[in-house]
Amino acid sequence: MADVLALIDANNFYASCEQAFDPALIGRPVVVLSNNDGCVVSRSSEARQLGIGMGKPYFQIAAQLAQHGVVVRSSNYALYGDMSQRLMSSLEPFVAELEVYSIDEAFARLPRPRHGDLSAWAAELRSRIRHNLGLPIAIGLASSKVLAKLANRIAKGDRRHAGVFDLGREANPDPWLELTPVEEIWGVGRQLSRWCRLRGIANARQLRDMASGELRAKAGVVGLRLQLELQGVSCLPLEQGPSAKRETCVSRSFSRTILSEEELRQAVATYVVRAAEKLRRQQQCSGRLTIFARTSPFSAGFYSQAASTALAVASNDTAVLLQAALPLVAVIYQPHKRFAKAGVLLQELQSQEQLQHHLLAPLPEQEQQRRAALMQSIDGLNRRYGRGAVQWAACGLSPGWMMRREQLSRAATTRLSDLPTAWAR
């Protein structure tokens, strides 16, 4: 029989990770906040039942959360990243091919058995992930990626399916497609959904059956591919390796506003260091660097400024990137402006294996290898002993504008000192 595509998705991923490492949270409403404890970005099923909305500013609902006994956690990205890697590693033995789509989602391809029923396979997978990682997952099965995504949405939304829905086994999928609003279809953006609504196309079934010529005139081959996927024709292949990035950006809002140029320099330096680490992990070098900063858009006298510079030879050396970025701080800084956010954007990325050299800026091979070895050593020390074990002086020591995480849980998987202790007599 033909292969089947699955979308495997961890439910309420951030909140579920918090519950997995703190049994006292199981069965209780839990919300996880964004950077600087700003907005709700994840809710446990118990918190959803209380009507707590996604994206709600924490300061607006803090009293409501306390009244209902909701447990609040700051985002613990080290924990979520580690749990994501464990989740993806656990899925691999169960499928033929796996595409890691996001931190908590993966597409998979597997053969459909002769009898066609994959419910035993899905139940075993859900049980194993729950037992080994403590995470609940939902599985959508269909003949194409778009339909698998739609099936996963049904599996999560209707408890009667117990977290698994196989659209390929439905004799008539039309009622399920009609239950899916056009805005909820994977790949349909705001403009296309508005265009569909204006023509009376309100759900997935209507989009599947509309005239192809009209859709092609509006959305081109992308629209046609989407329509074929809804018809069950697989057009989107599994991507098992990450594609080369064209840009890398690191930006953060500050926990408090910044007034001085020195603090803005520290913030920019911190983000350059982080961006350089990402570049080396991607095995790429950057030929152009842009820094930017802005005040709060909700305050009077909004100010935003950016400055760029080109590198003679593309690099992922932190020292080279800092040397290019820090002089630009004086260009974007304005006295008396209360900066709320800054960032760095690395562009013109190229593979470090095919580095284009410059005739007037020679970079000897021996020097290049020496610098690469130094960066590799620094990255290794920071991975082994924690970020900041080897720090660059330009970043400052424990600056007061760093991201606020007052409700942070312990680093249960990445820090030895945070492991719980059990005493036996």
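Could you check, for the stretch 152-167, whether at least one of its residues is assigned to a loop (DSSP other than H, G, I, E, B), buried (at least 16 other Cβ atoms within 10 Å of the Cβ) and over 23 Å from the mean Cα position of the chain (by Cα)? Let's see the steps before the verdict.
Residues of the stretch 152-167 assigned to a loop (DSSP other than H, G, I, E, B): 158, 162-163.
Narrowing the set further to residues that are buried (at least 16 other Cβ atoms within 10 Å of the Cβ) leaves 163.
Still in the running and over 23 Å from the mean Cα position of the chain (by Cα): none.
Within the stretch 152-167 (the criterion being assigned to a loop (DSSP other than H, G, I, E, B), buried (at least 16 other Cβ atoms within 10 Å of the Cβ) and over 23 Å from the mean Cα position of the chain (by Cα)), the answer is no, since none of the residues qualifies.
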Fill in the blank from the handout: Taking first residues from the stretch 168-184 that are touching a residue at least 40 places away in the same chain (Cβ under 8 Å) and second residues anywhere that are of a type in the set (S, T, N, Q) and surrounded by 15 or more Cβ atoms within 10 Å (Cβ to Cβ), the pairs with Cβ under 7 Å that are 6 or more apart or on different chains are Gly168/Ser143; Leu177/Asn203
Completion exercise
In the set Ser34, Ser44, Ser74, the lone residue that is without any contact (Cβ under 8 Å) to a residue 40 or more places away in the chain, farther than 29 Å from Gln240 by Cα and either touching a Phe, Trp or Tyr at 6+ places or on another chain (Cβ under 9 Å) or open to solvent by less than 20 Å² (accessible area, probe 1.4 Å) (or both) is Ser44
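Determine if the stretch 284-301 includes at least one residue that is assigned to a strand (DSSP E or B) and among the basic types (Lys, Arg).
Just the residues of the stretch 284-301 that are assigned to a strand (DSSP E or B), to begin with: 284-295.
In the following step, the residues that additionally are among the basic types (Lys, Arg) were identified as 288, 294.
So far as the stretch 284-301 goes, yes, one or more of its residues are assigned to a strand (DSSP E or B) and among the basic types (Lys, Arg).
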Completion exercise
Ala15 meets each of (1) under 17 Å from Ser74 (Cβ atoms); (2) of a type in the set (A, V, I, L, M); (3) touching a His at 6+ places or on another chain (Cβ under 8 Å) with one exception, condition (3)
Practice task
Read through the list (1) open to solvent by less than 50 Å² (accessible area, probe 1.4 Å); (2) farther than 27 Å from Pro237 by Cβ; (3) of a type outside the set (D, E, K, R), then give the number of the only condition that Ser127 fails.
Solution key: (1)
Problem - Leu79, sole failed condition from (1) touching a Ser or Thr at 6+ places or on another chain (Cβ under 7 Å); (2) surrounded by fewer than 16 Cβ atoms within 10 Å (Cβ to Cβ); (3) of a type in the set (A, V, I, L, M) - result: (2)
Exercise for the section: Using the structure shown, decide if Glu97 is out of contact with any helix residue (DSSP H, G or I) (no Cβ under 7 Å at 6 or more places or on another chain), open to solvent by 10 Å² or more (accessible area, probe 1.4 Å) and either closer than 29 Å to Asp22 by Cα or among the hydrophobic types (A, V, I, L, M, F, W, C) (or both). Expected result: no
Exercise for the section: Considering only the stretch 18-27, state which residues are within 17 Å of Ala78 (Cβ to Cβ) and hydrophobic (A, V, I, L, M, F, W, C). Expected result: Ala20, Phe21
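Anything in the stretch 188-214 that is in contact with a Cys (Cβ under 9 Å, 6 or more places away or on another chain) and either buried (at least 20 other Cβ atoms within 10 Å of the Cβ) or not aliphatic (A, V, I, L, M) (or both)? List them, or say none. First the steps, then the outcome.
Taking the stretch 188-214 as the starting set, the residues that turn out to be in contact with a Cys (Cβ under 9 Å, 6 or more places away or on another chain) are 188, 202, 206-207, 210.
Scanning the stretch 188-214 gives Val188, Gln206, Leu207.
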Handout entry: Pairs with Cβ under 6 Å, 6+ apart, first in the stretch 256-276 and open to solvent by 50 Å² or more (accessible area, probe 1.4 Å), second not in a helix (DSSP H, G or I)
Key = Arg256/Trp401; Thr257/Arg338; Thr257/Ala340; Glu261/Tyr333; Arg274/Val250
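Check the stretch 326-343 and report whether any residue there is of a type in the set (A, V, I, L, M) and exposed (fewer than 12 other Cβ atoms within 10 Å of the Cβ). Step through it out loud before you land on a result.
Kept after step one, since they are of a type in the set (A, V, I, L, M), are these residues of the stretch 326-343: 326, 328-332, 340, 342.
If we keep only those that are exposed (fewer than 12 other Cβ atoms within 10 Å of the Cβ) as well, we get 330.
Looking for residues that are of a type in the set (A, V, I, L, M) and exposed (fewer than 12 other Cβ atoms within 10 Å of the Cβ), one finds at least one in the stretch 326-343, hence yes.
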Handout entry: Options Gln64, Gln49: the member that is of a type in the set (S, T, N, Q), without any contact (Cβ under 8 Å) to a residue 60 or more places away in the chain and touching a Leu at 6+ places or on another chain (Cβ under 9 Å)
Key = Gln64
Exercise for the section: Read through the list (1) among the aliphatic types (A, V, I, L, M); (2) crowded, with 21+ Cβ neighbours inside 10 Å; (3) touching a Cys at 6+ places or on another chain (Cβ under 6 Å), then give the number of the only condition that Ala106 fails. Expected result: (3)
Fill in the blank from the handout: Taking the stretch 366-425 and the residues there that are modelled with pLDDT of 85 or more, part of a loop (DSSP other than H, G, I, E, B) and within 28 Å of Ala314 (Cβ to Cβ), the one that is least open to solvent (accessible area, probe 1.4 Å) would be Gly396
Practice task
Only residues in the stretch 325-341 that are under 13 Å from Val268 (Cα atoms) and in contact (Cβ under 8 Å) with a residue 12 or more places away in the chain count as the first member; pair them with residues that are in a loop (DSSP other than H, G, I, E, B) and aliphatic (A, V, I, L, M), Cβ under 9 angstrom, at least 6 apart or cross-chain, and list the lot.
Solution key: Phe339/Leu259
Fill in the blank from the handout: The one condition Val313 fails out of (1) open to solvent by less than 10 Å² (accessible area, probe 1.4 Å); (2) farther than 24 Å from Ile258 by Cβ; (3) more than 26 Å from the chain's Cα centre (by Cα) is (1)
Handout entry: Cβ pairs under 9 Å, 6+ apart, first in the stretch 376-405 and on the phi > 0 side of the Ramachandran plot and in contact (Cβ under 8 Å) with a residue 12 or more places away in the chain, second in a loop (DSSP other than H, G, I, E, B) and open to solvent by less than 50 Å² (accessible area, probe 1.4 Å)
Key = Gly386/Ala411
Handout entry: Subset of the stretch 1-31 that is open to solvent by less than 10 Å² (accessible area, probe 1.4 Å) and without any contact (Cβ under 8 Å) to a residue 60 or more places away in the chain - its residue that is farthest from the chain's Cα centre (by Cα)
Key = Leu25
Practice task
Scan the stretch 168-187 for residues that are open to solvent by less than 30 Å² (accessible area, probe 1.4 Å) and in a helix (DSSP H, G or I) and report the count.
Solution key: 2
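The values are calculated or read from the model by the stated rules, or taken from the named source; none is laboratory data. What you see is a predicted model, and the numbers here were worked out from it, not measured in a lab. Every residue, glycine as well, gets a Cβ built from its backbone with ideal geometry; the counts of neighbours run over all protein chains shown. We work out accessible area using only protein heavy atoms, side chains counted, and drop any ligands, DNA or RNA first. Shrake-Rupley method; radii C 1.70, N 1.55, O 1.52, S 1.80 Å.
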